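> Have a look at this one before I ask anything.
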Amino acid sequence: MDLLLCGTLHGPQNRCNVFHSRYYNGCVFQLRKYQPVDFERLLEIDQSCFTTGIAYSEAEMRYFLSMPMSITLVGVRGAHIEGFIIANHYRSRRSSRSVGKIITIDVAPVAQHSGLGSVLISGAEAKLQKAGCDYVSLEVAVDNEPALKFYKKHGYTVLKVLPRYYLDSIDGLLMGKKL
Ligand SMILES: CC(C)(COP(=O)(O)OP(=O)(O)OC[C@H]1O[C@@H](n2cnc3c(N)ncnc32)[C@H](O)[C@@H]1OP(=O)(O)O)[C@@H](O)C(=O)NCCC(=O)NCCS
């Protein structure tokens, strides 16, 4: 995998923080912060990624985007949003450090396996680290093989099985990574 990160996520807010990704077809993606005008596109991407019952409703999506510590980045190719990631962080009771959580990462089917997911998760991890997190966790369905391969490639390991976590029938896996 050949990932070239240029620029920074921590620049002034009015600057576009650019991450170049050299992948298949020479795709180049840009990461930027979520803006309310992006909402419908994010909902559309989520519904194209997940089946009914697992995809977020409009209310759920609004809830996750509005969490006080929410970090949402969108990945853009040209003028078009092709993917996004929502993360959150909170202070652990047992430690003075914060813990990060990936709420969801979604790449539109047409753009999957072209490097955008890697750019999004690296960008979110950098933001979480800057917010004081030294650990990040997430949940994934046991039958989501591309996502499992993706997370393992990014250094996440399985912490425990979450029985019947999705649709009250599919097991989930809690995964984590030290930042
Ligand atoms: C999982 C997801 C975020 C990965 O993003 P992506 O842009 O497709 O992934 P990348 O191109 O950065 O791939 C990085 C690695 O992930 C794995 N991977 C990604 N897509 C894969 C696929 N379709 N099949 C197998 N492995 C895959 C590979 O290990 C890949 O490395 P490689 O390019 O050397 O083969 C994306 O496929 C997606 O949005 N899927 C639908 C929604 C979803 O399942 N989200 C996770 C919910 S927990």
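Since every read-out is calculated from the coordinates, none of them should be taken as a lab result. Every value quoted in this text rests on a predicted model; they were computed, and no experiment measured them. With ideal geometry, Cβ positions are generated from the backbone for all residues, glycine too; neighbour counts draw on all protein chains shown.
> Quote the relative contact order of the range 24-178 in percent (integer), defining contacts as alpha-carbon pairs under 8 Å separated by 6+ residues.
Numbers: 260 pairs, mean separation 29.1, N = 155.
Worked out over the range 24-178, it gives 19 percent.
> What order do you get for 173-179, 141-147, 163-169, 104-110 when each peptide is scored by the mean count of other beta carbon atoms within 10 Å, highest first? Display every interim value, and only then the final one.
Numbers: 173-179: 16.7, 141-147: 14.0, 163-169: 11.7, 104-110: 19.1.
Top to bottom by mean Cβ count within 10 Å: 104-110, 173-179, 141-147, 163-169.
> Now for a different question. Across the range 24-178, how many lysine pairs, 8 or more apart or on two chains, come within less than 21 Å at their alpha-carbon atoms?
27
> Grab the Cα-Cα distance for Glu40 and Ile54, subtract it from 0.36 nm times how many residues apart they are, and report the gain in nm with one decimal. Spell out each step's value before the answer.
Values: separation 14, 0.36 × 14 = 5.04 nm, distance 1.75 nm.
Answer, rounded to one decimal: 3.3 nm.
> Something else: Round to a whole angstrom and tell me the spacing of the C-alpha centers of the range 79-103 and the range 155-179.
Centre-to-centre (Cα) distance: 16 Å.
> Let me ask something else. Given the options Ile85, Tyr156, Val74, identify the residue whose Cα lies farthest towards the positive end of the charge dipole of the range 57-179 (+1 on Cβ of Lys, Arg; -1 on Cβ of Asp, Glu).
It is Tyr156, whose Cα lies furthest towards the positive end.
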